[in-house]
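> Let me give you the structure first, and then I'll get to my questions.
The values are calculated or read from the model by the stated rules, or taken from the named source; none is laboratory data. Here the structure is a predicted model, which is why all the values come from computation and not from measurement. Glycine gets a Cβ as well: all are built from the backbone with ideal geometry, and neighbour counts include every protein chain shown. Side chains are part of the model used for accessible areas, which takes the heavy atoms of the whole protein and leaves out ligands, DNA and RNA. Shrake-Rupley method; radii C 1.70, N 1.55, O 1.52, S 1.80 Å.
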Amino acid sequence: MRVGPAVIAAVMAVAAATVSGCVNPLADLGPLEERYSGPPISAETAVADLTSALAEAGIQVRRMPQEHIAIECHEYLSAEHESATADAAVRDAFDKAGSRGWRTVAPAITGGHSLRKANWTAHTGWVAPVEGEPTTAVAVSLQCDGGTSKKPPGTASTGPASPSPGHP
């Protein structure tokens, strides 16, 4: 195969620009963060850790039943908390989770809070009080590495499921 002069000129231009620092198509961004180290932990352990940390901060969460979650390897915790202190309580709870091995990671949501432990990542958004409401919703989403849809491909979503009796 014969390479034409235009191709050679383009390759030389990119090489020259890279060497001179004008263009850096392969910038070194440092080492990749490990997904997790050590053995994976169970959903029960992840939920128990965060439920305890949230309870220490004064937030009593409920765990959504698995039959209402459409994605494998997901957990959802929710609560109502006093509007004026909800965001501070979530921050306090996430700080307390550090003593259980959770570490802060870059938040998935601007202004949110995210933690990581083993194969689980927990996310919550900034909790904004609703004017005139004494309480506000607090929600924590947990996802393990490799979560996939529980529904077979091509299955239409039926929308959010209603809670089972005893689970608001």
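> Do you know which of the residues in the range 54-75 that are modelled with pLDDT under 90 and either under 17 Å from the mean Cα position of the chain (by Cα) or part of a strand (DSSP E or B) (or both) is surrounded by the fewest Cβ atoms within 10 Å (Cβ to Cβ)?
It comes out as 71.
> All but one of (1) at pLDDT 90 or above; (2) open to solvent by 50 Å² or more (accessible area, probe 1.4 Å); (3) not in a helix (DSSP H, G or I) hold for residue 78; which doesn't?
So residue 78 meets the others, but not (2).
> For the subset of the range 82-138 comprising residues that are of a type in the set (Val, Ile, Thr) and in a loop (DSSP other than H, G, I, E, B), which member is farthest from residue 41 (Cα to Cα)?
Ranking the qualifying residues of the range 82-138, first place goes to 130.
> What are the residues in the range 38-53 that are open to solvent by 20 Å² or more (accessible area, probe 1.4 Å) and either among the small types (Gly, Ala, Ser) or not in a helix (DSSP H, G or I) (or both), if any? Before the answer, list the steps.
If we filter the range 38-53 for residues that are open to solvent by 20 Å² or more (accessible area, probe 1.4 Å), which is where we start, we get 38-45, 48-49, 51-52.
Listed by number, the residues that qualify are 38, 39, 40, 41, 42, 43, 48, 52.
> For the range 127-140, what are the residues that are open to solvent by 30 Å² or more (accessible area, probe 1.4 Å) and under 13 Å from the mean Cα position of the chain (by Cα)?
139
> Would you be able to tell me the number of residues in the range 81-109 that are more than 16 Å from residue 51 (Cβ to Cβ), out of contact with any His (no Cβ under 9 Å at 6 or more places or on another chain) and open to solvent by 70 Å² or more (accessible area, probe 1.4 Å)?
Final tally of qualifying residues: 4.
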